[in-house]
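What follows is one structure encoded as structure tokens, with my remarks underneath.
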Amino acid sequence: MQQQILTEHEFDPALPGWRVRVLLTIRGTSTAAQRVPLGMALVIDRSGSMSGSKIEAARDAAAGFIRRLHPDDRVGVVLFDDTVETLSDPVTGAEQAGLLHELAQVEVRGSTNLSGGWLRGRDQMVPLPNAGGIRRVLLLTDGQANEGITDRGQLAAMARAAHALGISTSAIGFGDDYDEELLKGMADAGGGNLWHIERADQTQQVFQEELAGLQSLSAQNLAVELRPSDSVGSFAVVHDYPASVLPDGTRIELGDLYAREPRKLLVEFVLPALTPDVRADLSVASVQLSAHVLLADGGIELRVVTFPVVLTLAGQGSMHPEVRREVVLLAAAKARDEAVARARAGDAESASHLLRHQARAMRESGLDDAMVMSQASDLEHTAREIESHGVREHDMKYMKQRAYNQRRGKASYDAILARPMLPDDSQGAPPSPLRRPRKPKTT
């Protein structure tokens with residue numbers, strides 16, 4: 001586990017005072033010398049709304065996921081509609097000769113007892129060894145919980161309690177109609193990931209991302225504790241991770257750390273008492289990192305590292321291109337979330353205007369960065385979609401997920417989710433969207 005601190009600062013006469021931005025990057029190291037054993041429960045929604053391309057995509061992707069597992073990994077499969085069915089207990093590949101055939105026969109029926117399916121998947125993971133391995137429930141659904149336990153807070157609390165026992169939860173939402181707040185709450189509380197499937201061709205890639213992350217696991221339960229110095233008037237964590245208040249700061253839960261993708265944390269501090277002509281070495285905060293690090297011999301070790309954040313204030317300020325890039329990308333995430341809120345409140349014109357304004361700000365940021373320019377283009381094209389077609393739920397889900405990806409540093413997945421550009425540099429509706437089947441009109 002390695003960490004890097006980058007800073008920038010500028011004087012803000014409106015405060016008046018200094019704004020100091022600190023970008024903490026934490027990188028994991030590969031544990032390839034000792035493969036991490038996996039225990040997985042695939043919990044698949046088979047309710048009626050999953051008919052057609054959704055259930056086909058879920059079946060195919062689950063089969064591909066199972067094929068990529070190591071022969072010694074254990075995987076169970078649970079199906080749920082208004083009832084819950086165990087298709088396979090979590091056993092190794094040698095004990096599952098007929099599983100792929102049985103998975104291919106799964107058909108849809110009934111309503112959505114999401115809690116029952118998740119609970120069965122959790123129960124499958126409980127007996128598996130915890131030391132040195134991973135136990136995860138992977139929930140696939142296209143809808144909203146309407147049977148069993150349906151309260152979002154209660155479902156998140158269940159995922160949190162399982163995570164305390166070493167069982168994490170990731171969630172994959174299909175199509176337009178799933179409850180993203182429910183699934184995000186469960187994934188956050190469960191220490192896992194939230195994925196959005198807009199098109200059938202993304203499903204295999206998303207499963208590959210989930211598996212690749214698990215196979216490159218470097219540390220678990222990564223947390224950062226920030227304690228600002230007396231010079232700091234206020235501070236805000238710009239990335240979006242679960243956080244709790246400490247008597248002298250805040251604790252941010254960053255979840256698992258993978259060798260293939262670092263964790264980033266951007267924090268803005270306000271120092272209101274200093275003048276613009278100050279020249280000083282200043283202590284901004286104390287940072288404590290903690291994580292259960294996976295060792296090459298298969299063991300786990302709790303490591304805690306504490307270090308100060310110190311910078312030299314200069315009258316002209318100091319900008320750092322990597323910090324600036326993160327600031328701009330996170331501003332795009334904020335714009336997407338706000339645009340969704342405005343659009344869902346009935347103000348599509350304001351939502352479109354906001355997206356165009358943020359795209360222009362990104363183009364004028366002075367950053368010669370391909371991702372920044374790509375994000376700007378995506379904002380413009382999404383604005384055009386809203387202007388041309390109005391508020392469509394698949395556009396809202398798309399924007400929410402891209403905002404989530406940026407705030408969680410999921411660059412690889414964000415590239416998968418990004419809608420394809422057409423040759424004329426315009427953006428059309430996503431090909432082959434996964435939609436809930438509509439009931440035929442009756443006369």
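Being among the acidic types (Asp, Glu), within 19 Å of Ala200 (Cα to Cα) and part of a loop (DSSP other than H, G, I, E, B) is a property that Glu56 lacks. For region 389-400, a residue qualifies if it is farther than 15 Å from Gly346 by Cα and either surrounded by fewer than 23 Cβ atoms within 10 Å (Cβ to Cβ) or basic (Lys, Arg) (or both), and the qualifying residues are His394, Lys397, Lys400.
Is it the case that some residue within region 119-130 is crowded, with 17+ Cβ neighbours inside 10 Å, touching an Asp or Glu at 6+ places or on another chain (Cβ under 7 Å) and over 27 Å from Glu198 (Cα atoms)? Yes: one or more hits. Check Asp281, Asp277 and return the single one that is of a type in the set (D, E, K, R), part of a strand (DSSP E or B) and exposed (fewer than 13 other Cβ atoms within 10 Å of the Cβ). Sole residue among the options that is of a type in the set (D, E, K, R), part of a strand (DSSP E or B) and exposed (fewer than 13 other Cβ atoms within 10 Å of the Cβ): Asp281. Considering (1) open to solvent by 70 Å² or more (accessible area, probe 1.4 Å); (2) without any contact (Cβ under 8 Å) to a residue 24 or more places away in the chain; (3) over 30 Å from Ala280 (Cα atoms), the lone condition that Ser30 does not fulfil carries the number (2).
Remark: pairs (first residue in region 226-253, without any contact (Cβ under 8 Å) to a residue 24 or more places away in the chain; second residue surrounded by fewer than 18 Cβ atoms within 10 Å (Cβ to Cβ) and of a type in the set (A, V, I, L, M, F, W, C); Cβ separation under 7 Å; 6+ apart in sequence or on different chains) = Ala243/Val237.
Going by the structure shown, is Ala259 open to solvent by 20 Å² or more (accessible area, probe 1.4 Å) and within 22 Å of Thr7 (Cβ to Cβ)? Full working, then the answer.
Working: open to solvent by 20 Å² or more (accessible area, probe 1.4 Å): yes; within 22 Å of Thr7 (Cβ to Cβ): no.
In short, no.
Go through the residues of region 137-153 one by one and say whether even a single one is under 18 Å from Gln220 (Cβ atoms) and open to solvent by 30 Å² or more (accessible area, probe 1.4 Å). For region 137-153, residues under 18 Å from Gln220 (Cβ atoms) and open to solvent by 30 Å² or more (accessible area, probe 1.4 Å): absent.
Selection of region 286-320 for residues being assigned to a loop (DSSP other than H, G, I, E, B), touching a residue at least 12 places away in the same chain (Cβ under 8 Å) and out of contact with any His (no Cβ under 9 Å at 6 or more places or on another chain) yields Leu295, Ala296, Asp297, Gly298, Gly299, Gly315, His320. Being at positive phi and in contact (Cβ under 8 Å) with a residue 24 or more places away in the chain is a description that applies to Gly148.
Report yes if some residue within region 10-31 is of a type in the set (D, E, K, R) and under 24 Å from the mean Cα position of the chain (by Cα); otherwise report no.
yes
Scanning region 97-111 for residues that are within 22 Å of Ala63 (Cα to Cα) and part of a loop (DSSP other than H, G, I, E, B), which turns out least open to solvent (accessible area, probe 1.4 Å)? Break it down stepwise before answering.
Quick first cut of region 97-111, residues within 22 Å of Ala63 (Cα to Cα) only: 97-109.
Among the residues that remain, those that are also part of a loop (DSSP other than H, G, I, E, B) are: 97-98, 105-109.
Details: Ala97: 102, Gly98: 32, Gln105: 106, Val106: 8, Glu107: 105, Val108: 46, Arg109: 105 Å².
Top of the filtered list is Val106.
Within region 66-83, the set of residues being more than 23 Å from Asn113 (Cβ to Cβ) and either in contact with a Lys or Arg (Cβ under 8 Å, 6 or more places away or on another chain) or in a helix (DSSP H, G or I) (or both) comprises Ile66, Arg67, Arg68, His70. Tallying residues that are among the hydrophobic types (A, V, I, L, M, F, W, C) and buried (at least 20 other Cβ atoms within 10 Å of the Cβ) within region 328-367 yields 13.
When you go through Ala331, Ala345, Ala335 one by one, which is the residue that is free of Cβ contacts under 8 Å to residues at least 40 places away in the same chain and within 27 Å of Leu254 (Cα to Cα)? Please lay out each step first, then the result.
Numbers: Ala345 fails: within 27 Å of Leu254 (Cα to Cα); Ala335 fails: free of Cβ contacts under 8 Å to residues at least 40 places away in the same chain.
From the options Ala331, Ala345, Ala335, the qualifying one is Ala331.
For region 33-50, give me each residue that is open to solvent by less than 40 Å² (accessible area, probe 1.4 Å) and not in a strand (DSSP E or B). Those that are open to solvent by less than 40 Å² (accessible area, probe 1.4 Å) and not in a strand (DSSP E or B): Val36, Arg46, Ser47, Gly48, Ser49, Met50. Beta carbons closer than 7 Å, at least 6 apart along the sequence or on distinct chains, pair a first residue in region 371-382 that is over 8 Å from Ala359 (Cα atoms) and without any contact (Cβ under 8 Å) to a residue 60 or more places away in the chain with a second that is assigned to a helix (DSSP H, G or I) and open to solvent by 10 Å² or more (accessible area, probe 1.4 Å) for Val372/Arg325; Val372/Val328.
The values are calculated or read from the model by the stated rules, or taken from the named source; none is laboratory data. Since the model is a prediction, treat every value here as computed from it, not as a measurement. Here Cβ is always computed from backbone atoms with ideal geometry, including for glycine, and neighbour counts include all displayed protein chains. Just so you know, the surface numbers come from the protein's heavy atoms only, side chains and all, with ligands and any DNA or RNA stripped out. Shrake-Rupley method; radii C 1.70, N 1.55, O 1.52, S 1.80 Å.
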